[in-house]
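Okay, structure first, notes after.
Here, each number is a calculation from the coordinates, and none is a lab measurement. Small disclaimer: the values here were computed from a predicted structure and weren't measured.
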Amino acid sequence: MDDVSRKKSEPTYRRVLIKISGEALMGSQGFGLHPPTVERIAGQIKNVTAMGVEVCMVIGGGNIFRGLQGSAQGMERTTADYMGMLATVMNALAMQGALESIGVFTRVVSAIPMDQVCEPYIRRRAVRHLEKKRVVIFAAGTGNPYFTTDTAATLRASEMSCEAIFKGTQVDGVYDSDPKQNPDAKRFERISYDEVLMRNLKVMDASAIALARDNKLPIVVFSLATEAGLAGVLRGEGQFTTVGQS
């Protein structure tokens, strides 16, 4: 293999945080966990770790319970958000089980202490897990109500000194309008944090985008169904959008 081919096949980043919505684990179901989908995503994570990339993850809980929806239906917001955090722990344990079954060592680290099922969040310990090539799955958001898992993902990525956040979605990047509603929607190859905020493009919530901008942390938005797979996106293959500095 020549030098050009070798460089192209190497991952762009060496330590990343992968953010996946809870809905991504539903598959074709309308609720809950779809084991074949969880296993497929776990296989993509294994391919990335095989490249020598250190991986941490944040998984949402919207497939089980979403705090905002509970609040909108009359539930007290703080209680609803804590219920949403517990849903993310369930998803994290499901992903851990899928990864461990294919030989990937993992740790689930929760912002809400629950020692019988996962570790409490201690930054230095989590960093050490990454250095030992374990996949670290952060659960329970930030441990505080009123903060989304998007914000938790950006916070943990910053604390872990990740080089980028990879956000897996149902579309292959960031568009100027909903591509499902508008067939003429334009996909951005690259867009700045400020433009995402100005256009209200819903890549992540505003606090997450602002935190990523302040820490110069790029956000790569890609489709979980991409043919290149997550490993391909890490090598710069396939379609995706990078949110970064202008």
Next on the checklist: List the residues, sorted by chain then number, that are 5 or more residues from residue 190 or on another chain and whose placed amide H is less than 5 Å from its amide H.
Outcome noted: 242
Checklist outcome for this item: The rounded separation in angstrom of the Cα centers of segment 167-202 and segment 214-246 is 13
Checklist entry - Under the Karplus relation 6.51 cos²θ - 1.76 cosθ + 1.60, θ = phi - 60°, what is the ordered set of whole-Hz ³J(HN,Hα) values for segment 200-217, x standing for Gly and Pro? => result 6, 7, 6, 4, 9, 5, 4, 5, 5, 4, 5, 5, 4, 4, 5, 9, 6, 9
Checklist outcome for this item: Checking 70, 229, 141 against a Gaussian network model of the chain (alpha-carbon springs below 10 Å), the top fluctuating residue turns out to be 70
Checklist entry - In cubic angstrom, how much convex hull volume per residue do the alpha carbon atoms of segment 8-244 span? => result 125
Item to check | Phi to ³J(HN,Hα) by Karplus 6.51 cos²θ - 1.76 cosθ + 1.60 over segment 44-52, Hz, x for Gly, Pro | outcome: 5, 5, 4, 4, 6, 5, 5, 7, x
Checklist entry - So which residue, out of 183, 36, 145, gets the largest mean-square fluctuation from a GNM of the chain using Cα contacts under 10 Å as springs? => result 183
Next on the checklist: Can you list residues from other chains, or at least 5 along the same chain, whose modelled amide H is less than 5 Å from the amide H of residue 166?
Outcome noted: 17, 18, 19, 220
Item to check | the chain - share of DSSP beta bridges that are antiparallel (%, nearest 5) | outcome: 15
Checklist entry - Residue-wise, which Karplus ³J(HN,Hα) couplings in Hz belong to segment 152-161, taking 6.51 cos²θ - 1.76 cosθ + 1.60, θ = phi - 60°, and x for glycine or proline? => result 4, 4, 5, 4, 5, 4, 5, 5, 8, 6
